[in-house]
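Step one of this worksheet: look at the structure below.
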Amino acid sequence: MDALISEFRKGRLEAFEAIFHQLYPRLCAFSLKYVKKSELAEEIVGDSFIIIWERRDNFDNLQSLKSYLYTTVRNASLDHLKKKGEVVALDTDQPDATLNKEYAIIEEETHSMLYQALDSLPYKCRRVFEMSCLDGVKYQDIADEMQISLNTVKSQRARAIQLLKDHFKGNSFYSLLLSTL
């Protein structure tokens with residue numbers, strides 16, 4: 001990753017695009033929690049990327065860049081709400097507010113990693129996993145909707161969980177999470 005930041009600092013568009021594609025969806029989801037409109041969240045995040053491009057010399061590593069982006073997106077989202085006259089009661093001097101901000105960032109990073117892993121699954125596996133584990137749909141209802149047998153639902157779910165465990169091998173958090181399913 002240090003090579004990516006080095007290339008970014010040199011003004012290489014390929015490095016900027018790699019960072020953009022890695023962080024853009026997460027930042028949009030983060031902004032959306034504040035502004036509640038996806039088009040607006042996308043605009044805020046786009047503007048934030050313009051800011052980091054203009055200030056690219058200030059970043060020594062990916063973590064400082066991510067922190068700056070999350071802070072910029074959060075502040076821009078809150079500024080938009082203030083301009084609209086919506087009251088936002090956030091006391092950033094309180095430890096709880098800092099903890100909530102960090103929790104939101106960790107939550108977005110976690111969701112992003114999970115959805116990236118889900119994207120690597122075969123379609124039927126992914127669909128069965130999402131319906132059963134994320135949406136809480138009963139096996140029989142999945143079988144009926146997908147027009148497959150109940151045993152196929154069970155085997156596709158088991159296959160999805162195994163593929164995800166293989167994907168997250170070495171990451172104890174995700175391994176523990178998947179073992180609860």
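The values are calculated or read from the model by the stated rules, or taken from the named source; none is laboratory data. Values in this document were obtained by computation on a predicted structure and should not be read as measured data. Please note: Cβ atoms are built from the backbone with ideal geometry, for glycine as well, and neighbour counts cover all protein chains shown. Just so you know, the surface numbers come from the protein's heavy atoms only, side chains and all, with ligands and any DNA or RNA stripped out. Shrake-Rupley method; radii C 1.70, N 1.55, O 1.52, S 1.80 Å.
Here are some notes:
- Residues located in segment 166-181, provided they are modelled with pLDDT under 85 and among the charged types (D, E, K, R): 169
- Of residues in segment 24-38 being open to solvent by 20 Å² or more (accessible area, probe 1.4 Å) and of a type in the set (Lys, Arg), the one nearest to the chain's Cα centre (by Cα): 33
- Contact map, segment 45-68: first residue closer than 15 Å to residue 27 by Cβ, second residue of a type in the set (Asp, Glu), Cβ cut-off under 9 Å, separation 6 or more or different chains; pairs are 62/2; 66/109.
- Near pairs, Cβ below 8 angstrom, 6+ apart or cross-chain, from segment 105-134 (over 26 Å from residue 73 (Cα atoms)) to any residue that is surrounded by fewer than 17 Cβ atoms within 10 Å (Cβ to Cβ) and at pLDDT below 75: 133/181
- All of 46, 11 fail the test of being at pLDDT 90 or above and at positive phi, apart from 11.
- Checklist (1) more than 23 Å from residue 117 (Cα to Cα); (2) open to solvent by less than 20 Å² (accessible area, probe 1.4 Å) applied to residue 12, failing item: (2)
- Search result, residues across segment 60-76 that are surrounded by fewer than 16 Cβ atoms within 10 Å (Cβ to Cβ), assigned to a helix (DSSP H, G or I) and modelled with pLDDT under 85: 63, 64, 67
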